[in-house]
1. Which one of these is surrounded by 14 or more Cβ atoms within 10 Å (Cβ to Cβ), touching a Phe, Trp or Tyr at 6+ places or on another chain (Cβ under 9 Å) and outside the structural domain of L359 (by TED's automatic domain parsing): L136, L73?
2. Restricting attention to the range 76-93, which residues are modelled with pLDDT of 90 or more, out of contact with any Gly (no Cβ under 8 Å at 6 or more places or on another chain) and either outside the structural domain of K336 (by TED's automatic domain parsing) or polar (S, T, N, Q) (or both)?
3. I need a count of the residues in the range 333-343 that are closer than 30 Å to H90 by Cβ and touching a strand residue (DSSP E or B) at 6+ places or on another chain (Cβ under 9 Å).
4. If you scan the range 353-377, which residues turn out to be outside any loop (DSSP other than H, G, I, E, B) and touching a Leu at 6+ places or on another chain (Cβ under 7 Å)?
5. Scan the range 100-115 residue by residue and report those that are in contact (Cβ under 8 Å) with a residue 60 or more places away in the chain and within 13 Å of W337 (Cα to Cα).
6. Which one of the conditions (1) of a type in the set (A, V, I, L, M, F, W, C); (2) in a loop (DSSP other than H, G, I, E, B); (3) under 33 Å from the mean Cα position of the chain (by Cα) does V257 fail to meet, given that it meets all the rest?
7. So which residues in the range 44-71 are within 23 Å of K336 (Cα to Cα), of a type in the set (S, T, N, Q), part of a helix (DSSP H, G or I) and out of contact with any Pro (no Cβ under 9 Å at 6 or more places or on another chain)?
8. Which one of these does T172 not meet: (1) buried (at least 18 other Cβ atoms within 10 Å of the Cβ); (2) under 20 Å from W326 (Cα atoms)?
Amino acid sequence: MVSTASLFNQLLKQFPRSDFAELVRKYGAERNAKGFSCWTQFVSMLFCQLAQTDSLREICNGLKCCLGKLVHLGVQRAPVRSTLSYANQHRPAALFEDLFWATLGRFRQQQLLGSRPTRFRFKNKLLSLDSTTISLCLSLFPWAGFKRIKGGVKAHVLLDHDDFMPRFILITPAKAADVRIARSIPIPSQSIVVADRAYMDFPRFAQWTLQGIYFVCRSPSYPVFKVLSHRDVPAQGNLITDETVQFTGRYSGQYRVPLRRITVHLDGEDQPLILLTNHMGFAASTIARIYKDRWQIEVFFKTLKQNLKIKTFVGTTENALRIQIWTALLAMLLLKWLHHLSMARWSLSNLASMLRLSLFSYRDLRTWLNHPFETPPRIPIPKQLLFQWLAFGQPIPHSAP
């Protein structure tokens with residue numbers, strides 16, 4: 001018999017059943033449940049993400065096709081569409097949110113996502129702050145009104161550059177302003193926060209400065225300021241100016257401390273890039289590289305939307321949408337972990353595609369990651385012993401002791 005379980009089963013082992021049961025008891029998620037457990041719901045929604053199914057029908061039929069392999073996943077039988085739909089509509093999405101943060105914390109504690117990349121020499125924690133909008137059909141999602149004929153929700157993310165996974169996520173209606181949400185995001189002291197000009201908020205910058213938090217933010221060209229001093233910039237390179245400025249217009253009363261204003265020329269662009277920061281110690285080239293590293297949060301959003309089911313949804317209620325987003329983040333965490341373990345040097349998108357095709361293959365997970373195209377182990381075929389016929393009167397041979 002095969003000595004290993006399916007790849008899907010080995011992935012589910014990263015979510016201990018005892019911890020999951022504790023979360024179920026915490027939220028009372030199985031109150032008045034009639035046979036359909038939260039674990040079966042979780043396995044179904046994670047299958048939706050990893051197998052990239054498009055509807056409840058595909059989820060249920062896909063699990064029915066693997067009926068003999070579901071017992072090893074802790075599932076007795078495949079769910080019914082109406083039952084799964086009702087569970088996504090009524091069971092709290094906070095269960096899956098807490099499961100994501102608990103699993104991510106354990107992965108970080110055990111360094112399962114790898115060590116911090118050596119892009120910079122400083123020891124400060126580098127964080128990127130941004131949001132992405134998920135467009136929705138207003139007729140199907142009337143609670144998510146955004147524009148006249150368009151709906152949507154927005155995911156506000158604080159990305160940790162140590163492992164390029166979120167440190168904070170908040171899902172709001174698409175109308176929520178980024179600046180207002182940023183005021184409620186907890187940020188540890190001595191961190192460096194990188195943000196686009198949508199987060200240009202001088203009162204918040206003043207509060208961060210008092211808390212010992214550094215920021216690097218893209219600035220529009222309109223604020224009025226006076227130059228206090230100039231710093232030398234290299235003759236060769238993209239740096240144009242490095243100035244210490246004091247704002248004199250309407251922002252003078254909102255931020256009274258001098259700031260650094262760094263101007264960078266972008267290749268192929270007519271307008272230069274203007275950066276504001278309260279860090280006076282780093283070189284201007286380091287500040288420019290820090291802002292350039294903000295592109296990692298755009299890569300995170302792109303990877304999430306292209307490889308997981310976060311643009312089309314299998315439920316139309318707000319709770320069902322939140323459950324699907326949090327299970328997508330859980331699947332993203334698994335893909336990041338597999339990508340770190342793999343020695344095959346394939347991209348994360350290829351990894352997601354190959355995992356979708358091999359989800360119920362019976363192979364060792366680490367062996368499959370390093371050699372995905374090898375033949376799965378064959379099931380040993382029992383051998384039938386031959387019956388020896390003896391002639392009449394022939395002595396019976398004795399086997400050696």
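The values are calculated or read from the model by the stated rules, or taken from the named source; none is laboratory data. Worth saying up front: this structure is predicted, and the values here are computed from it rather than measured. Reconstructed Cβ throughout: ideal geometry from the backbone, glycine too, with neighbour counts over all protein chains shown.
1. Details: L73 fails: outside the structural domain of L359 (by TED's automatic domain parsing).
Result of the check over L136, L73: L136.
2. Result: S82, T83.
3. Going through the range 333-343, the residues closer than 30 Å to H90 by Cβ turn out to be 333-335.
Those left that are additionally touching a strand residue (DSSP E or B) at 6+ places or on another chain (Cβ under 9 Å): 333.
Of the residues in the range 333-343, 1 are closer than 30 Å to H90 by Cβ and touching a strand residue (DSSP E or B) at 6+ places or on another chain (Cβ under 9 Å).
4. Residues of the range 353-377 outside any loop (DSSP other than H, G, I, E, B): 353-357, 365-370.
Correct list: L355, R356, L365, R366, W368, L369.
5. Step one: filter the range 100-115 for residues in contact (Cβ under 8 Å) with a residue 60 or more places away in the chain, giving 100, 102-104, 107, 112-114.
Within the range 100-115, T103, L104, F107, L112, L113, G114 qualify.
6. The number of the failed condition is (3).
7. Residues of the range 44-71 that are within 23 Å of K336 (Cα to Cα), as a first pass: 44-54.
Subsequent filtering for residues that are of a type in the set (S, T, N, Q) retains 44, 49, 52-53.
Going one step further and asking which of them are part of a helix (DSSP H, G or I), we end up with 44, 49.
Q49, the sole residue that qualifies.
8. (1)
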